[in-house]
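For reference, the structure discussed in these notes is given below.
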Amino acid sequence: MALQNPIMPASGTFGFGEEVAAFAGMDLSRLGAMVGKTATLEPRDGNPQPRICECEGGMVNSIGLEGKGIDYILEYNVPFMASFGVPIIFNISGFSLNDFALLAQKANSVKAISAIEGNISCPNVEGGKIPFGSTAKAASEVTTVICEVTDLPVIIKLTPNVEPKSMIGEIASAVEEAGADAISMINTVKRQNIGGIPFCGLSGPPIKPIALELIKIVLEQISIPVIGMGGISCLEDVLEFLQLGCSAVAIGTANFSNPLIMMEIINGLEKYCQDNQIYDLTQLRGIVE
Amino acid sequence: MKMTEEIMEVWSGEILKNLQRATDIFEVEISCPFDTKRFSPGQFVSIAPLAQESVMSRPFSISSVHDSSFSILIKTIGKNTDLLSEMQKEQIKVWGPCGKGNPITDLRFDELWLIGGGIGIAPLVFFNKVFSDYEKECRSGRGRVRVFYGSQSEEDLDFNLFPADSVEYSTDDGTFGSPGKITELFIKEIEMIRSKKITVVTCGPNIMMRQIARICKHRDVPCFVILEQPMACGTGICLGCSVKMKSGMKRICKDGPVFPAEEVIWDELT
């Protein structure tokens with residue numbers, strides 16, 4: 001999958017593009033890719049209020065995968081996203097291996113979709129139960145069932161909530177071995193009892209160091225591309241992730257405090273590359289440290 | 001009455017005026033690069049976080065519009081509102097118009113009652129202006145606007161918001177206006193109504209709106225409530241403010257913030 005630039009939204013911070021496209025100055029056709037909110041098999045109400053709260057210089061959320069379900073999304077949201085001519089990364093999450101297989105199968109049959117992103121890390125559902133992404137075995141199994149039913153590139157989105165930290169390398173290797181084409185990381189960092197929310201995920205600037213640390217471990221163990229995310233809020237952050245070795249990056253929480261942040265970063269990155277005569281983003285790698 | 005515009009703008013707004021109006025209450029006038037006629041009562045703007053440690057935008061109801069600016073009424077409740085209350089001639093990142101505006105399509109009422117509790121009065125100032133102007137234009141003798149504005153104490157009331165002949169005040173501590181809760185004043189007034197057709201718009205603490213909605217339902221009075229929940233984006237993408245309503249999940253920021261009271265499941269709100 002070729003991207004015109006390495007900038008995309010993180011799932012859950014972009015809806016399916018409709019609201020974002022309504023902003024004067026936002027040109028979705030300039031994104032590297034579009035990533036929709038997680039699709040589940042059935043419609044879901046998600047969690048009750050409260051759902052969000054600022055803390056630690058970032059914010060926690062516990063949305064609980066609210067959504068209209070994959071059939072609605074494929075019928076109404078994907079055609080809108082497809083009208084901008086950039087790759088669509090279709091994010092899915094299930095509560096069983098069978099769910100993942102069915103979701104991937106449905107997505108596979110839609111031409112407009114360029115890749116499937118398996119969200120095996122959402123920590124906010126089912127009362128904070130352990131997600132698939134927290135062990136190498138479960139991560140491998142879910143990757144296998146997705147890859148078996150689709151010809152599309154498969155991206156697996158990893159959770160940072162693993163113990164010990166070094167385990168992330170084993171999980172990433174297992175995912176690669178099971179057939180994934182890329183890894184995206186990190187999802188939110190688990191927190192408990194913040195602002196009346198029993199189980200929630202931290203995002204924003206405070207998780208950037210965690211993302212960088214875990215991505216570094218993963219990059220040493222795998223050879224498939226990594227889409228980096230976690231607290232990216234400016235061009236400097238983007239460069240840091242790209243220099244570390246990420247092939248692309250996703251902007252998440254920063255979209256909430258500046259609706260045009262992705263456009264500003266794309267403009268900034270273009271200028272940076274022109275000024276520094278960078279024609280291939282691999283030229284950026286290895287500059288840090 | 002106009003419909004909500006589809007296009008959202010993001011701009012660097014200049015704080016043109018910042019006036020303290022009551023204890024903890026400030027009226028902040030912000031420049032606007034587009035036609036302010038695009039704002040409809042009930043709509044709000046999102047303001048990018050001002051505090052270093054904040055990442056969520058803050059929603060503020062439009063309380064009045066001017067030629068090339070608009071005003072919001074804020075209550076200082078934390079670091080971001082404290083910072084905003086201190087700004088003069090500075091630039092802030094703003095986006096909007098957010099949310100759906102005025103939902104009142106049936107104008108065949110004798111009186112429009114606007115009931116605000118505390119800082120919940122902010123959007124009702126705009127409702128009052130639009131509907132009072134409309135009443136004057138029509139000269140039909142119908143559609144009178146009455147405002148009920150309650151707060152804890154006299155020092156919390158902003159007396160600059162409404163012409164004296166259109167507003168009735170209440171204070172919990174009895175220091176000004178009708179003593180007691182605004183809901184008590186509302187009950188007293190509505191019990192005197194016999195044949196007039198009333199429409200109610202209310203904004204304030206949920207417990208207050210819930211009580212008003214219940215009374216309206218009992219008396220078959222159309223009631224609209226203006227809701228608030230913590231929001232991260234103000235544009236409908238984060239789903240942080242989604243709540244379950246009778247017809248399904250609704251985003252307060254995008255599908256609201258004004259809702260018919262009968263839509264609301266009050267126990268779902270925090």
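Would you check if residue B:196 is touching a residue at least 24 places away in the same chain (Cβ under 8 Å), more than 20 Å from the chain's Cα centre (by Cα), within 14 Å of chain A (Cβ to nearest Cβ) and more than 27 Å from residue B:73 (Cβ to Cβ)? The answer is no for residue B:196. Taking the conditions (1) more than 13 Å from chain B (Cβ to nearest Cβ); (2) among the β-branched types (Val, Ile, Thr); (3) touching a Gly at 6+ places or on another chain (Cβ under 7 Å) in turn, residue A:60 satisfies each one other than (1). Take the conditions of a type in the set (A, V, I, L, M), in contact (Cβ under 8 Å) with a residue 24 or more places away in the chain and within 28 Å of residue A:203 (Cα to Cα) and apply them to residue B:51. Does it pass? Against the criterion (of a type in the set (A, V, I, L, M), in contact (Cβ under 8 Å) with a residue 24 or more places away in the chain and within 28 Å of residue A:203 (Cα to Cα)), residue B:51 qualifies.
Would you mention how many residues in the stretch A:130-154 are part of a loop (DSSP other than H, G, I, E, B) and in contact (Cβ under 8 Å) with a residue 24 or more places away in the chain?
In the first step, residues of the stretch A:130-154 are kept if they are part of a loop (DSSP other than H, G, I, E, B); the result is A:130-131, A:135, A:150-153.
Subset that is in contact (Cβ under 8 Å) with a residue 24 or more places away in the chain: A:131, A:135, A:150-153.
Going through the stretch A:130-154 one residue at a time, the tally reaches 6.
Is it the case that the stretch B:243-263 has a residue that's away from chain A (no Cβ under 14 Å), over 18 Å from residue B:43 (Cα atoms) and surrounded by fewer than 24 Cβ atoms within 10 Å (Cβ to Cβ)? Checked against the condition, which is being away from chain A (no Cβ under 14 Å), over 18 Å from residue B:43 (Cα atoms) and surrounded by fewer than 24 Cβ atoms within 10 Å (Cβ to Cβ), the stretch B:243-263 yields at least one hit.
Quick check: is even one residue across the stretch B:22-39 within 30 Å of residue B:106 (Cβ to Cβ), among the polar types (S, T, N, Q) and not in a strand (DSSP E or B)? Yes: one or more hits. Every condition in (1) polar (S, T, N, Q); (2) within 17 Å of the chain's Cα centre (by Cα); (3) away from chain A (no Cβ under 14 Å) is met by residue B:20 except one, and the failing one is (2). Can you name the number of the only condition in (1) crowded, with 16+ Cβ neighbours inside 10 Å; (2) under 20 Å from residue B:261 (Cα atoms) that residue B:108 fails? All conditions are met except number (1).
Assess whether residue B:228 counts as being under 14 Å from residue B:113 (Cα atoms) and either surrounded by fewer than 14 Cβ atoms within 10 Å (Cβ to Cβ) or in contact (Cβ under 8 Å) with a residue 24 or more places away in the chain (or both). Step through it out loud before you land on a result.
Numbers: under 14 Å from residue B:113 (Cα atoms): no; either surrounded by fewer than 14 Cβ atoms within 10 Å (Cβ to Cβ) or in contact (Cβ under 8 Å) with a residue 24 or more places away in the chain (or both): yes.
No; evaluated as a whole, the condition is false for this residue.
Against the test of being within 22 Å of residue B:15 (Cα to Cα), away from chain A (no Cβ under 14 Å) and among the aliphatic types (A, V, I, L, M), the options B:62, B:104, B:115 yield a single qualifying residue, B:62. Could you tell me whether any residue of the stretch A:206-224 is of a type outside the set (Asp, Glu), within 14 Å of another protein chain (Cβ to nearest Cβ) and closer than 14 Å to residue A:7 by Cβ? Looking for residues that are of a type outside the set (Asp, Glu), within 14 Å of another protein chain (Cβ to nearest Cβ) and closer than 14 Å to residue A:7 by Cβ, one finds none in the stretch A:206-224, hence no. Residues satisfying the criterion are present in the stretch A:114-127 (criterion: part of a helix (DSSP H, G or I) and either more than 14 Å from chain B (Cβ to nearest Cβ) or surrounded by 20 or more Cβ atoms within 10 Å (Cβ to Cβ) (or both)). Selection over the stretch B:243-270 of residues that are among the polar types (S, T, N, Q) and under 19 Å from the mean Cα position of the chain (by Cα) gives a count of 1.
Residue-level check: of (1) assigned to a loop (DSSP other than H, G, I, E, B); (2) more than 14 Å from the chain's Cα centre (by Cα); (3) surrounded by 19 or more Cβ atoms within 10 Å (Cβ to Cβ), residue A:48 misses just (3).
Would you mind finding the one in A:80, A:14 that is outside any strand (DSSP E or B), closer than 19 Å to residue A:260 by Cβ and either among the aromatic types (Phe, Trp, Tyr) or out of contact with any Ser or Thr (no Cβ under 6 Å at 6 or more places or on another chain) (or both)? Before you say what the answer is, go through the steps one by one.
Working: A:80 fails: closer than 19 Å to residue A:260 by Cβ.
Of the residues listed, the single one that is outside any strand (DSSP E or B), closer than 19 Å to residue A:260 by Cβ and either among the aromatic types (Phe, Trp, Tyr) or out of contact with any Ser or Thr (no Cβ under 6 Å at 6 or more places or on another chain) (or both) is A:14.
Bear in mind that the values in this text are calculations on the coordinates, not laboratory data. The structure displayed is predicted, hence computed values, not measured ones. So basically every Cβ, Gly included, is an ideal-geometry build from the backbone, and we count neighbours across all protein chains shown.
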